[in-house]
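Undergrad: The structure that follows is given in the form of structure tokens.
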């Protein structure tokens, strides 16, 4: 519906109500509707699921059309990312937000900073989704408010061309609301708990939920040791629970991202149930580290399994966990991914220990032999030392090619001493093209950085504290922050406007008319930034 069509609709509503509504301005009502096109989180989930499905289909046609996101831990952070994207690229297409369980644990828990072990309050996850979308919708209201002012100014000056341009911008407005891929960890409990939390997350607006195959009460960060996986049937129950949550809430297009941590997980909490040789439970158990035993040697409390007529004893640790055979991680990842896709998952996430295209591609090739349209979400994690990893990859490639690398020390390649060398420059170029290259070669549809603003906040705060509390004093803030905000056109330099002050003034004027006490008058110091 166009802006003027909405005005006409609101005018009709006012006319039906008669004289009692004479103080209501249909155009202002139309502006409120235009500024808030999403009436609920489910509206958002349906809208963003459609966007994501279209992007997935686009990627199938052309792997160059991969998508990206950055992790968020606060609504303001997500809002500023999307404002920046619109500012620099003119569109939000292909750009999402990622809600990281790690950052919720570290930054949003009432217990204080926690490791990524699902110890934080589960309700914090849907609360952050709602918060993110609240800030994104406010960004819409703020930007549209500016367009409405342009329209009013054009009308006042009689500039019909400017008025037509403003109306076109309003009618063609692109919202800041984009898909959020939200981390549900390992489901925070059993399948029922997963289903209940998934519903809350979808109701808050999430169109894509990412769930991992770790044991819920033993969950670890994907890049730490001690990870414990569950048998496939346990994981598939949770995938089905999430799908039912989407279906119940009328979002059948909702996306499930099935994550496997098997590459770095050497332990399982239980032996899988198996009815017959070759079924999924038997395949899971086939990776257990076992030794053949004689019935005469069976000790107290030992657990045994039979396979092909042999009696085997899985290696059990004092923690009562069972150990997988070394070197089986990739095989387990491939099996995890295939079974997840065959049971309702839409996208895959393989947690790796390093960003290595050929390693990822090797597993994806095997998966695609069974599921040709398999696509990945990949964690471009700050847990990787990207500089060292890629310099070592170049070093190894040059060594295989027979090039002289004798003047490089492989384990010390992180050193600044190497920054201007051809090896370091080639490594940086591989980092720059990693996302495009892996999208084409390794089936990665979506690239994300889980914890970017955790690190940028720490870095910028360290730099500000060093300057402000040092010899630079106030110049440390003005030169490094405010002056750069002004010169780079960062909207937050007008922080009153960003917080909603002008939106509030619009409301005051509509509610109170000439009696409105507005904040944006000539004495507002934000006017100093008008130029």
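The values are calculated or read from the model by the stated rules, or taken from the named source; none is laboratory data. Quick caveat: nothing in here was measured; it's all calculated off a predicted structure. Ideal geometry is used to build each Cβ from the backbone, glycine not excepted, and the neighbour counts take in all protein chains shown.
Undergrad: Let me spell it out: the conditions are (1) touching a helix residue (DSSP H, G or I) at 6+ places or on another chain (Cβ under 8 Å); (2) surrounded by fewer than 19 Cβ atoms within 10 Å (Cβ to Cβ), and residue 135 meets all of them except one. Which number is the exception?
TA: All conditions are met except number (2).
Undergrad: List, please: which pairs have Cβ atoms under 7 Å, are six or more places apart or on different chains, and start with a residue in the range 453-479 that is farther than 30 Å from residue 381 by Cβ and end with one that is not in a helix (DSSP H, G or I)?
TA: Every condition considered, the pairs that remain are 476/470.
Undergrad: Then there's this: Which of (1) more than 23 Å from the chain's Cα centre (by Cα); (2) surrounded by 17 or more Cβ atoms within 10 Å (Cβ to Cβ); (3) over 26 Å from residue 456 (Cβ atoms) is the odd one out, the single condition residue 375 does not satisfy?
TA: (1)
Undergrad: Still on this model: Out of all the residues in the range 138-162, which are surrounded by 18 or more Cβ atoms within 10 Å (Cβ to Cβ) and more than 19 Å from residue 172 (Cβ to Cβ)?
TA: Once the filter is applied, which keeps residues that are surrounded by 18 or more Cβ atoms within 10 Å (Cβ to Cβ) and more than 19 Å from residue 172 (Cβ to Cβ), the range 138-162 yields only 138.
Undergrad: Continuing with this model, one more query. Checking the conditions here, which among 394, 405 is over 25 Å from the mean Cα position of the chain (by Cα), surrounded by 14 or more Cβ atoms within 10 Å (Cβ to Cβ), in a loop (DSSP other than H, G, I, E, B) and without any contact (Cβ under 8 Å) to a residue 40 or more places away in the chain?
TA: Every option except 405 fails the conditions.
Undergrad: Right, another one. Looking only at the range 486-499, count every residue that is surrounded by fewer than 16 Cβ atoms within 10 Å (Cβ to Cβ) and either touching a residue at least 40 places away in the same chain (Cβ under 8 Å) or in contact with a helix residue (DSSP H, G or I) (Cβ under 7 Å, 6 or more places away or on another chain) (or both) and tell me the total.
TA: 4
Undergrad: Could I ask something else about it? Only one residue in 128, 136, 144, 132 is closer than 17 Å to residue 501 by Cα, in a helix (DSSP H, G or I), touching a strand residue (DSSP E or B) at 6+ places or on another chain (Cβ under 9 Å) and modelled with pLDDT of 95 or more. Which one?
TA: Sole residue among the options that is closer than 17 Å to residue 501 by Cα, in a helix (DSSP H, G or I), touching a strand residue (DSSP E or B) at 6+ places or on another chain (Cβ under 9 Å) and modelled with pLDDT of 95 or more: 136.
Undergrad: Restricting to the range 251-294, count the residues that are part of a strand (DSSP E or B), more than 19 Å from residue 239 (Cβ to Cβ) and touching a helix residue (DSSP H, G or I) at 6+ places or on another chain (Cβ under 9 Å).
TA: Count: 1.
Undergrad: Follow-up. Only residues that are touching a helix residue (DSSP H, G or I) at 6+ places or on another chain (Cβ under 9 Å) and closer than 30 Å to residue 481 by Cα: list them for the range 406-418, please.
TA: Matches in the range 406-418: 414 only.
Undergrad: Residues in the range 8-19: is at least one over 30 Å from residue 455 (Cβ atoms) and crowded, with 19+ Cβ neighbours inside 10 Å?
TA: Yes, that holds for at least one residue.
Undergrad: Restricting to the range 43-75, give me the number of residues that are surrounded by fewer than 17 Cβ atoms within 10 Å (Cβ to Cβ) and in contact with a strand residue (DSSP E or B) (Cβ under 7 Å, 6 or more places away or on another chain).
TA: 1
For (1) within 29 Å of residue 509 (Cα to Cα); (2) without any contact (Cβ under 8 Å) to a residue 12 or more places away in the chain, each residue gets a yes or a no:
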site: 2; (1), (2): yes, no
site: 9; (1), (2): yes, no
site: 27; (1), (2): yes, no
site: 38; (1), (2): yes, no
site: 45; (1), (2): no, no
site: 49; (1), (2): no, no
site: 61; (1), (2): no, yes
site: 73; (1), (2): no, no
site: 97; (1), (2): no, no
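Undergrad: If you scan the range 352-370, which residues turn out to be within 25 Å of residue 54 (Cα to Cα), in contact (Cβ under 8 Å) with a residue 12 or more places away in the chain and in a loop (DSSP other than H, G, I, E, B)?
TA: Within the range 352-370, just 370 meets the criteria.
Undergrad: If you check 502, 437, which single one turns out to be closer than 28 Å to residue 140 by Cβ, touching a helix residue (DSSP H, G or I) at 6+ places or on another chain (Cβ under 7 Å) and part of a helix (DSSP H, G or I)?
TA: 502
Undergrad: Write out, first by first residue and then by second, each pair whose Cβ atoms fall under 8 Å of each other, whose residues are 6+ apart or on separate chains, and whose first residue, in the range 114-135, is at positive phi while the second is in a helix (DSSP H, G or I) and surrounded by 17 or more Cβ atoms within 10 Å (Cβ to Cβ).
TA: 118/101; 118/105; 118/216
Undergrad: What number of residues within the range 505-527 are surrounded by 10 or more Cβ atoms within 10 Å (Cβ to Cβ) and part of a helix (DSSP H, G or I)?
TA: Adding up the residues that qualify gives 11.
Undergrad: Filter the range 196-249 for residues that are at positive phi and within 22 Å of the chain's Cα centre (by Cα) and give the result.
TA: 205
Undergrad: In the range 422-434, what count of residues is obtained for those that are out of contact with any helix residue (DSSP H, G or I) (no Cβ under 9 Å at 6 or more places or on another chain) and touching a residue at least 12 places away in the same chain (Cβ under 8 Å)?
TA: Result for the range 422-434: 0.
Undergrad: I would also like to ask the following. Looking only at the range 320-341, filter to residues that are out of contact with any helix residue (DSSP H, G or I) (no Cβ under 9 Å at 6 or more places or on another chain) and either in a loop (DSSP other than H, G, I, E, B) or modelled with pLDDT under 90 (or both); which one of those is surrounded by the most Cβ atoms within 10 Å (Cβ to Cβ)?
TA: Per the criteria, the residue is 325.
Undergrad: Working only within the range 440-459, note down all residues that are modelled with pLDDT of 95 or more, touching a strand residue (DSSP E or B) at 6+ places or on another chain (Cβ under 9 Å) and assigned to a helix (DSSP H, G or I).
TA: none
Undergrad: Select, from 418, 378, the only residue that is on the phi < 0 side of the Ramachandran plot and touching a strand residue (DSSP E or B) at 6+ places or on another chain (Cβ under 6 Å).
TA: Sole residue among the options that is on the phi < 0 side of the Ramachandran plot and touching a strand residue (DSSP E or B) at 6+ places or on another chain (Cβ under 6 Å): 378.
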